[in-house]
Amino acid sequence: MTPAASSQATTERLTAILARYPGARREHLIPLLQDIQGELDYLPAEAIDAAARHLGVTAAKVYGVATFYNQFRLIKPGRHRIAVCRGTACHVIGSATLLDHLEAELGVKAGGTTRDGEFSLEIVACLGACSMAPVVMVDGTFHGRVTAKSLARLLRDLRRGAGHAAEATP
Ligand code: FES
């Protein structure tokens, strides 16, 4: 799909979502943003502006809400989403070092997406698998007792298109 066609498709999807929230009611802001993110996977600037116009509030107000709640993403996620748990158990056992490795290896800070759109890196709170600490989640799959070495292997596998190595379930 060309960028213009993609933008047109996004506009049409936004229009359809906005139509579910008639009446410019400000209490619709959070469910509206949730719906948009559910559909687009993040909140692009176009969506922020459209939501603001639709509800009769400023874009700054919408940005304020979107950045206040960490459920919302303002950056398009990468094809592979890597989340490092920074809950207490994972932190104590070295998740900060894993995060450092990932940031250095991917050339992107937590909260960002690599330029090629392949990887996004996030920090998350306890994933509920503390017995497997430190835990890294990749594309929704838990990887437990991750070491620098297993992390390097995991990244290598993802780059080769086989991101399911070394996975575990909580
Ligand atoms: S602290 Fe990481 S899974 Fe609980």
When I82 is run through (1) surrounded by 17 or more Cβ atoms within 10 Å (Cβ to Cβ); (2) not in a strand (DSSP E or B), the failure sits at (2)
Practice item. Might you let me know whether segment 112-126 holds any residue that is of a type in the set (D, E, K, R), touching a residue at least 24 places away in the same chain (Cβ under 8 Å) and assigned to a loop (DSSP other than H, G, I, E, B)? Key: yes
Checked R81, R86 against criteria (modelled with pLDDT under 95, out of contact with any Lys or Arg (no Cβ under 9 Å at 6 or more places or on another chain) and closer than 22 Å to Q37 by Cα); the one match is R81
Picked from segment 123-159 (must be surrounded by 19 or more Cβ atoms within 10 Å (Cβ to Cβ) and β-branched (V, I, T)), the residue farthest from the ligand (Cβ to nearest atom) is V138
Does L98 count as open to solvent by less than 70 Å² (accessible area, probe 1.4 Å), in a helix (DSSP H, G or I) and in contact with a helix residue (DSSP H, G or I) (Cβ under 8 Å, 6 or more places away or on another chain)?
yes
The residue from A125, A89 that alone is at negative phi, touching a Cys at 6+ places or on another chain (Cβ under 6 Å) and of a type outside the set (V, I, T) is A89
*Do the conditions hold for G94, that is, is it modelled with pLDDT under 95, of a type in the set (G, A, S), more than 18 Å from the chain's Cα centre (by Cα) and farther than 29 Å from D35 by Cβ?*
yes
(request) Taking R13 as the residue in question, decide whether it is open to solvent by 80 Å² or more (accessible area, probe 1.4 Å) and assigned to a helix (DSSP H, G or I). (result) yes
Conditions (1) hydrophobic (A, V, I, L, M, F, W, C); (2) under 28 Å from R20 (Cβ atoms); (3) within 16 Å of the ligand (Cβ to nearest atom) -> A60 fails only (3)
Among residues of segment 35-44 being touching a residue at least 24 places away in the same chain (Cβ under 8 Å) and open to solvent by 50 Å² or more (accessible area, probe 1.4 Å), the residue farthest from G112 (Cα to Cα) is E39
Residues in segment 50-71 that are open to solvent by 20 Å² or more (accessible area, probe 1.4 Å), under 29 Å from Q8 (Cβ atoms) and hydrophobic (A, V, I, L, M, F, W, C) total 4
K76 - would you say it is farther than 17 Å from G112 by Cβ, of a type outside the set (G, A, S) and either within 16 Å of the chain's Cα centre (by Cα) or assigned to a helix (DSSP H, G or I) (or both)?
no
Test K109 against the stated conditions and say whether it is without any contact (Cβ under 8 Å) to a residue 40 or more places away in the chain, closer than 20 Å to A148 by Cβ and not hydrophobic (A, V, I, L, M, F, W, C). yes
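The values are calculated or read from the model by the stated rules, or taken from the named source; none is laboratory data. Not measured: the values here are computed from a predicted model. Cβ coordinates were reconstructed from backbone atoms using ideal geometry, including for glycine residues, and neighbour counts include every protein chain displayed. Remember, those area values only see protein heavy atoms, side chains included, never the ligands or the DNA or RNA. Shrake-Rupley method; radii C 1.70, N 1.55, O 1.52, S 1.80 Å.
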